[in-house]
Amino acid sequence: MKKLLFWTTVLSGTAAAYLLYKRGVPVGTIASDVLTHPIGTLVHELGAGGAAR
């Protein structure tokens, strides 16, 4: 179960970082968002379409 949670977190952080990078968000902002809340950042990017930034 711990491995599943770990890999889910890693994959969601990677996906969120990719979506943010594709939109042109600065790398420092991507790093701070994804490292602090990887799953929340992905949910925000998918749910809001990334329009809030």
Checklist outcome for this item: Ala51: passes all of (1) exposed (fewer than 13 other Cβ atoms within 10 Å of the Cβ); (2) at pLDDT 90 or above but (2)
Item to check | the range 10-38, residues that are surrounded by 14 or more Cβ atoms within 10 Å (Cβ to Cβ) and assigned to a helix (DSSP H, G or I) | outcome: Ser12, Gly13, Ala15, Ala16, Ala17, Tyr18, Leu19, Leu20, Ile30, Asp33, Val34, Pro38
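The values are calculated or read from the model by the stated rules, or taken from the named source; none is laboratory data. Values in this document were obtained by computation on a predicted structure and should not be read as measured data. FYI the Cβ positions are ideal-geometry reconstructions off the backbone, even for glycines, and counts take in every protein chain you see.
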